[in-house]
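Here is the structure we will look at.
The values are calculated or read from the model by the stated rules, or taken from the named source; none is laboratory data. For clarity, every value in this text was computed on a predicted model and none was experimentally measured. Note that we place each Cβ from the backbone using ideal geometry, even for glycine, and neighbour counts take in every protein chain shown.
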Amino acid sequence: MKKLAKIELYQFLLENGKTTPFLPLYFETFGQSLGSAPVVVVNHALTGNSTVTGEKGWWNELIGSGKVIDLEHYTAIAFNIPGNGYDGILGNLISNYQDFTVRDIARIFWQGLHELKVQEVYAVIGGSLGGAIAWEMAVLQPKLIQHLIPIATDWKATDWVLANVQVQEQILTNSLQPISDARQHAMLLYRTPQSINARFNRQQIPSGEFAVENWLTYHGQKLRDRFRLSAYKLMNHLLKTHDITRFRGTLEEVVTEIEATIHVVAVDTDLFFIAQENRKAVMELASVHENIYYHEIQSIHGHDAFLIEFEQLIAFLKPVFCTQKQLNYAHA
């Protein structure tokens, strides 16, 4: 049973100048009590939520007692992107989704942390859309984060991302089964031809349908049963708004201000946020930010590897989180 807490935000001014009179921000905390341990903010991806560990936790392999993000030593906070529907209250869904940007969501998360009296954050980590929000959080408060860990994402939406967001929007707007059909299309971005071919090998099920067709149908129906159309439209739209340089200056100028150590994690076969873009960015930024590191997951599975290749992720993250644990031991 999820244990959601809520922060009520009033008269929140969006980036486009419009005001949201009331905005409930739902979240979950895990591990040590607030104020007693370093804080790790975990941002969920497009169809994710705040249950990052425990029963039905989507990152149990990384977060928990004795895990790399050890809840014996950290407080983990995970906010739900407003409008994702995870609170189960229909009135909290967002119809004016095009008014929101990734920057707005990052500002909302910081407002939530302020309400919780969190003055500094040990790490902000997230994959895909969650990583985009993490980038923006670091730019908004460049002195308050020690470690920025964006995974399977980018500092901006490329033309390729924009194009696929457009296709998703068309499906969500025009299909008779919008959630199911959009999800099936998205699954082909989240995996690779090699991954799908190796898994299904042209197998057929007793009905005569190809196994890969059945798999796509299953994922479409599964998301349809737990996700709202307005939530999908919002999350998809947010992807196209991501650009930490928008109205700010060059990439180098923006990232120079970030005091956090930056750990960029890409996936070599990612067909959505491609690794080449991340490699290029880190190479460009190395001359202006002395603490930026690049890690690359090697996987046949593509974008979804950040939810599959846990051994590699753990190896990348251990130096970040074990250092703080050692400091805790030293002061115990």
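Residue check: LEU129 meets all listed conditions (1) surrounded by fewer than 21 Cβ atoms within 10 Å (Cβ to Cβ); (2) closer than 30 Å to THR256 by Cβ but one, namely (1). Is there a residue in region 205-220 that is out of contact with any His (no Cβ under 7 Å at 6 or more places or on another chain) and at positive phi? Looking for residues that are out of contact with any His (no Cβ under 7 Å at 6 or more places or on another chain) and at positive phi, one finds at least one in region 205-220, hence yes.
Results for (1) under 17 Å from LYS3 (Cβ atoms); (2) buried (at least 23 other Cβ atoms within 10 Å of the Cβ); (3) at pLDDT 95 or above, shown as yes or no for each residue.
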position: THR29; (1), (2), (3): yes, no, yes
position: ALA37; (1), (2), (3): no, no, yes
position: THR47; (1), (2), (3): no, no, yes
position: SER50; (1), (2), (3): yes, yes, yes
position: PHE79; (1), (2), (3): yes, yes, yes
position: ASP87; (1), (2), (3): yes, no, no
position: THR101; (1), (2), (3): no, no, yes
position: PHE109; (1), (2), (3): no, yes, yes
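In this structure, is ARG224 within 21 Å of the chain's Cα centre (by Cα), outside any strand (DSSP E or B), at negative phi and not assigned by TED's automatic domain parsing to the domain that holds ILE125? Against the criterion (within 21 Å of the chain's Cα centre (by Cα), outside any strand (DSSP E or B), at negative phi and not assigned by TED's automatic domain parsing to the domain that holds ILE125), ARG224 qualifies. Among the residues of region 4-25, those identified as under 17 Å from TYR86 (Cα atoms) and in contact with a helix residue (DSSP H, G or I) (Cβ under 6 Å, 6 or more places away or on another chain) are ILE7, PRO24, LEU25. Among the residues of region 252-294, the ones that are among the aromatic types (Phe, Trp, Tyr) and in contact with a Lys or Arg (Cβ under 9 Å, 6 or more places away or on another chain) come to 1 in all. Here ILE196, ILE94, ILE149, ILE105 are screened, and the one residue that is surrounded by 18 or more Cβ atoms within 10 Å (Cβ to Cβ) and touching a strand residue (DSSP E or B) at 6+ places or on another chain (Cβ under 6 Å) is ILE149.
Among residues of region 28-46 that are in the same structural domain as HIS114 (by TED's automatic domain parsing), those with a beta-carbon under 6 Å from a residue that is outside any strand (DSSP E or B) and of a type in the set (Val, Ile, Thr) at least six positions away or on a different chain give the pairs PHE30/THR53; VAL39/VAL118; VAL42/VAL52; ASN43/ILE133.
Out of ILE300, ILE292, report the one residue that is closer than 30 Å to ARG183 by Cβ and modelled with pLDDT of 95 or more. Of the residues listed, the single one that is closer than 30 Å to ARG183 by Cβ and modelled with pLDDT of 95 or more is ILE300.
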